[in-house]
Structure formats: C-alpha cells, structure tokens
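Colleague: If you scroll down you'll find the structure; I have some questions about it.
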C-alpha cells in the first residue's frame with residue numbers, strides 16, 4: 001500500500017476557544033492489522049461539541065501528542081479476522097485519522113438503506129439523531145400536541161430534534177440560534193413555528209415573545225441564560241432534557257444560570273440529563289422510525305459537508321464558532337460524487 005496515513009494530534013491545552021495551533025497532522029504509512037483485527041480506510045468523519053470538553057485536562061479527555069478519537073464511517077481494506085470482511089462498511093470511534101486498525105468489538109456493521117447516503121449514519125441515523133430521538137422519546141416522553149423549545153436548534157442535534165418532534169406530532173416548536181440566516185432556516189426548512197437569534201436581547205424576553213403561552217418541554221444544548229429562561233417559560237409538569245452546555249465549553253469561568261428554584265417545585269418540573277452512550281439499544285428503533293421517512297422524503301437531514309480530511313480541524317473550529325447548519329461532517333474526496 002503506497003498511501004500515506006494522516007492522523008490528527010492535539011498538541012496543547014486551550015484556554016477559551018481552541019485554534020489550529022492546538023492541533024498537528026502527523027504522517028505515517030498505513031498501519032498493519034494484527035491477527036483478530038482489520039484495517040479501515042475512513043470515508044466520513046464526525047466532529048462534535050463534546051470534543052471541545054475532551055481537549056481539556058479532564059478524566060477520559062484527549063491525551064496530548066496522541067491520535068484523537070471520534071465517530072467515523074469507513075471501509076475495511078485489509079482484514080485478519082473473519083468477523084470483518086474486506087469491503088464491509090463500519091462505524092467506529094477511531095476518527096480524526098485516515099486509516100485505523102479496529103477489532104470487531106470496536107465496530108458496528110452499517111446497514112445500507114436504499115436511497116440513504118452513508119453520511120446519514122453520522123447525522124440523523126448516528127449519534128446525533130440517536131441523541132435527539134432518545135431525548136424526545138425516553139427523557140422528555142413527548143406526547144402528541146406538546147410544545148417544545150430547543151436551544152442551539154440549528155445545530156446537528158437541534159435540527160434532528162425539530163424534525164423528529166414534528167414527525168412525532170409535537171405542537172408548537174420554538175428554537176434559538178445564532179444568526180438571522182439560521183433562524184430563517186429553522187422556520188422555512190426544518191419545521192419550527194418560531195425561532196429567535198439569541199444575540200437580539202435577553203433570552204427570557206425573546207422566548208416569551210416566541211412562546212407567549214409557555215412550553216411543555218425544553219431540549220437544552222446550551223445551558224446558561226437560555227436554561228434560566230426556559231425554567232420560567234415551562235408549564236406545569238414541564239420537562240427539561242439536558243444534552244449539552246455549549247455556552248460554557250469555551251468560557252469555563254462563566255457564572256451558572258440564575259433562575260427561581262421555587263419554579264421547579266411549584267410547577268412540578270423535571271430536569272434530566274443523559275449520555276447517548278447509555279442508549280445504544282435504541283439504535284434499531286431509530287432505524288425503524290427514521291429510515292422510512294428518509295426514503296419517502298418526509299425527513300431531510302441537515303448536514304454541512306466539507307470535502308477532504310485535511311479540513312477536519314477547520315470543520316471542528318468552524319462548528320465551535322457556529323459556522324455550520326445542522327450536523328457538520330467531513331467527507332473523503334473520493335466520496336464527493338457518491
């Protein structure tokens with residue numbers, strides 16, 4: 001094999017927003033699989049908000065000067081195990097590199113659905129979609145006709161949440177995003193009834209205007225001021241689904257949100273967070289729900305695709321600065337016409 005393998009390493013711990021200087025591309029020859037493993041050439045890479053948390057010096061975080069990890073879809077190109085046939089398409093967590101040696105225990109064979117691109121396995125059919133689906137069906141226990149507010153609604157999880165909620169029979173959908181273009185996309189394309197740019201004023205005032213009668217469920221990807229606003233807007237027996245805290249990833253010294261804690265008791269509110277890694281058993285149910293809608297056209301994935309592994313750091317930094325709409329995915333040059 002005459003190819004060159006590229007791997008991304010983290011070289012320093014950031015303080016605030018990371019930059020390209022915190023990463024390095026390392027060249028090598030493609031690794032050779034040992035007995036019981038296989039070599040995968042990666043085709044699609046996911047960059048996710050949680051990667052920013054892992055850049056800090058925290059338990060389980062990224063080690064410096066070592067290959068990073070992340071979800072990737074790849075094709076087996078050399079195998080020394082009958083459980084990973086050459087040519088198979090698999091999902092694994094050895095991302096941020098062009099080639100990876102994997103074992104069967106570290107992979108999941110991906111089903112091929114007619115008319116469904118492989119990239120969808122990193123968006124609405126992958127961890128992003130599973131997060132949205134679990135949040136709505138297991139944590140919020142969404143009922144038909146209930147009204148939702150979703151923060152960071154133009155991101156990968158936010159767009160999937162909006163589209164899934166609409167298919168599940170939700171009532172009024174309200175979202176927040178970081179620009180006028182994104183709020184317009186939410187209303188015109190994703191199916192939100194109203195959306196606001198959180199830069200335009202206080203979150204409480206903006207949410208009150210968008211949802212004057214309140215909401216039943218808040219799907220929170222942001223935390224901070226928007227979480228406090230949602231507590232005030234929730235109706236009796238409202239639920240808060242805590243997915244992420246984007247507002248604090250690059251500002252760790254930010255003050256926690258201030259809200260009336262009596263609301264939690266007086267309105268019988270419930271707040272629950274979760275890790276999607278504890279819900280992999282719901283994956284097949286997600287396929288059964290989403291794939292027919294993808295094939296019929298009722299469900300459209302929101303994806304921002306960047307071509308070329310050399311742009312993976314740019315994709316990650318751009319996501320942290322809100323440059324993407326929907327799930328951001330890096331695609332191998334050879335897949336651009338697929």
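Colleague: Hey, rough spin-label estimate for residue 300 and residue 75, points 7 angstrom out along Cα→Cβ, what's it come to in nanometres?
Modeller: 2.9 nm
Colleague: Order 111-124, 317-330, 52-65 from most to least packed using the mean count of other Cβ atoms within 10 Å.
Modeller: Top to bottom by mean Cβ count within 10 Å: 317-330, 111-124, 52-65.
Colleague: A follow-up question, please. Using only DSSP helix segments of four residues or longer, with each worth -39500 (n - 2.57), what per-residue ellipticity at 222 nm results for the chain after dividing by its residue count and rounding to 500?
Modeller: Only helices count here, giving -6500 deg cm²/dmol.
Colleague: Taking the Cβ-Cβ separation of residue 105 and residue 189 as r and a Förster radius of 51 Å, what is the calculated FRET efficiency to the nearest 0.05?
Modeller: That pair, residue 105 with residue 189, gives E of 0.85.
Colleague: For a quick protection proxy, order the peptides 127-135, 191-199, 297-305 by their average other-Cβ count within 10 Å, most packed first.
Modeller: 127-135, 191-199, 297-305
Colleague: How much length is gained if the chain between residue 50 and residue 32 is pulled fully straight, taking 0.36 nm per residue apart and subtracting their Cα-Cα distance, in nm to one decimal?
Modeller: Extra length available between residue 50 and residue 32 comes to 3.5 nm.
Colleague: What nm distance separates the two modelled labels at residue 270 and residue 3, each placed 7 Å from Cα along Cα→Cβ?
Modeller: Simple spin-label model gives 4.7 nm for this pair.
Colleague: Shifting gears a bit: Report relative contact order for segment 131-277 in percent, whole number only (criteria: Cα-Cα under 8 Å, sequence separation at least 6).
Modeller: This gives 21 percent for segment 131-277.
Colleague: Between segment 1-25 and segment 52-66, what is the C-alpha centre distance in whole Å?
Modeller: 12 Å
Colleague: Nearest 10 degrees is fine. How inclined is helix 224-233 to the longest principal axis of the chain, computing both from alpha carbons?
Modeller: For 224-233 against the chain, the angle is about 40 degrees.
Colleague: Another one. For q = 0.10, 0.13, 0.17 Å⁻¹, what log10 I(q)/I(0) does segment 131-277 give under the Debye formula with an equal point scatterer on each alpha carbon and no solvent?
Modeller: Here log10 of I(q) over I(0) equals -0.28, -0.49, -0.87.
Colleague: Rank the residues 4, 264 as a footprinting-exposure proxy: fewest other Cβ atoms within 10 Å of their Cβ go first.
Modeller: Fewest-to-most Cβ neighbours within 10 Å comes out as 4, 264.
All of the numbers you see were taken from the coordinates with simple rules; none came from a lab. As the structure is a prediction and not an experimental result, all values here were calculated from the model. Note that we place each Cβ from the backbone using ideal geometry, even for glycine, and neighbour counts take in every protein chain shown.
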